[in-house]
1. Checking residue 171 against (1) at pLDDT below 95; (2) of a type in the set (D, E, K, R); (3) over 13 Å from the mean Cα position of the chain (by Cα); (4) part of a strand (DSSP E or B), which single condition isn't satisfied?
2. Mind telling me which of the residues 325, 276, 299, 318 ends up being modelled with pLDDT of 95 or more, over 20 Å from residue 186 (Cα atoms) and out of contact with any Phe, Trp or Tyr (no Cβ under 7 Å at 6 or more places or on another chain)?
3. Go through (1) free of Cβ contacts under 8 Å to residues at least 60 places away in the same chain; (2) outside the structural domain of residue 255 (by TED's automatic domain parsing) for residue 151 and report which single condition fails.
4. Would you pick out the residues in region 298-328 that are more than 17 Å from residue 278 (Cβ to Cβ), in contact (Cβ under 8 Å) with a residue 24 or more places away in the chain and surrounded by 12 or more Cβ atoms within 10 Å (Cβ to Cβ)?
5. Which one of these does residue 209 not meet: (1) at pLDDT 95 or above; (2) surrounded by fewer than 18 Cβ atoms within 10 Å (Cβ to Cβ)?
6. Quick check: anything in region 103-110 touching a residue at least 12 places away in the same chain (Cβ under 8 Å), in contact with a Leu (Cβ under 7 Å, 6 or more places away or on another chain) and either closer than 24 Å to residue 16 by Cα or of a type in the set (A, V, I, L, M, F, W, C) (or both)?
7. How many residues does region 230-249 hold that are outside any helix (DSSP H, G or I), surrounded by fewer than 21 Cβ atoms within 10 Å (Cβ to Cβ) and touching a residue at least 24 places away in the same chain (Cβ under 8 Å)?
8. How do the strands (runs of 3 or more DSSP E) wholly within region 93-152 filter down when requiring 2 or more residues that are under 22 Å from residue 180 (Cα atoms) and of a type in the set (Val, Ile, Thr): which remain?
Amino acid sequence: MGNPLSYKELYCVEVPSSIAEDAIRVLRSKGLLARGAKASKVEGSRRVRIPVPEGLVDDAVATLEALGIEVVRCRDIFKLGSRGVRYVDLLRGKVPEEVLTALPRSYQIVGDLALIHLPEEILPYGMVIGEALARVARVRAVYAVSVTEGEFRVRRVLKLWGEGGTETVHREYGVRIYVDISKSYFNPTLSYEHWRVSEEVRDGERVLDLFSGVGGFSLHIAFRRHTTCVAVDSNPYAIVALVRSTTLNKLRGRIVPVVSRVEELGELLPRESFTRAIVDLPHRSLDYLELAASFVERRGYIHLYVVGGEDPSEIVSRVGRAPYRLVELRRVLDYAPRKYVYGVKLVKE
């Protein structure tokens, strides 16, 4: 039956509804969400109130204001004792208990699509699982997806429920990103990183975006800054998606899309001509550090995303030597049990 509902007055932060999901994601990552209470819409307005722990309101406000989000401190009555309806709850009595046990609790939302990794043995229940997930996630279609495969890091997809195709438009911090999940890889959990790096970039910079995929980093940067971003990926479908996204946004900067293997860039681009490089290939980005650095001028920055364990000392040992100086090392995402994606920022001496 679940816990009975109760109500309590809590501190909260009020934000525009258009960016509420991004705000909740950031506050959750920093432990600034009140437990057991759910955000609520402000009746008659396009605003959402997000409950935060007492004593941490200033931290929550500062965190969101640093992102450029308009924030108002508030107190309100919130429902307690309920986690909300989960898609798994809707499946009780409709699928065998062993299927419920095997279901993943997490999934991704890309635009108006939900993506979930399902064990092969429960795919026969895919339609009823997809329908339940669609009701909770409020999407038009649900797809089962595999791990990434091949040079292009594309996932195999299987529609479980819904209408329409695999194309969608995903929104992050005001940026529209066109994605075809069957032809190119996109990770929506990197939205904060896309925004964060774009805030570090200054007008006039020249940014090299390696393994750009559909261009999350380049689009955020060009959306906010008067820059030139060269986005490089070997997957032509990802680059086509990026070009489509440039028509969906009013960009301040310029994006130059390049279809190429990164190893062959020396024939296309002049060396040491960029102020900053981004390498988003977590399992192999360290292998491309020297190549990326060869395109970055002195005192320029290199951003790497690297998979590592709980102790990142191995990462530090590989990057913390001349001609690079380690500026920042942050845990960005949970990747697997005791495995994480780290954000590494270096300056070229």
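The values are calculated or read from the model by the stated rules, or taken from the named source; none is laboratory data. No experiment lies behind these values; they were computed from the predicted model shown. Quick reminder, even Gly has a Cβ in these numbers, built from the backbone with ideal geometry, and neighbours come from all protein chains shown.
1. All conditions pass for residue 171, except number (3).
2. Unique residue meeting the criteria: 299.
3. (1)
4. The answer is 308, 309, 312, 318, 325.
5. (2)
6. Yes; the residues of region 103-110 include at least one that is touching a residue at least 12 places away in the same chain (Cβ under 8 Å), in contact with a Leu (Cβ under 7 Å, 6 or more places away or on another chain) and either closer than 24 Å to residue 16 by Cα or of a type in the set (A, V, I, L, M, F, W, C) (or both).
7. Residues flagged as outside any helix (DSSP H, G or I), surrounded by fewer than 21 Cβ atoms within 10 Å (Cβ to Cβ) and touching a residue at least 24 places away in the same chain (Cβ under 8 Å) within region 230-249 amount to 3.
8. Passing ranges, in order: 108-110, 141-149.
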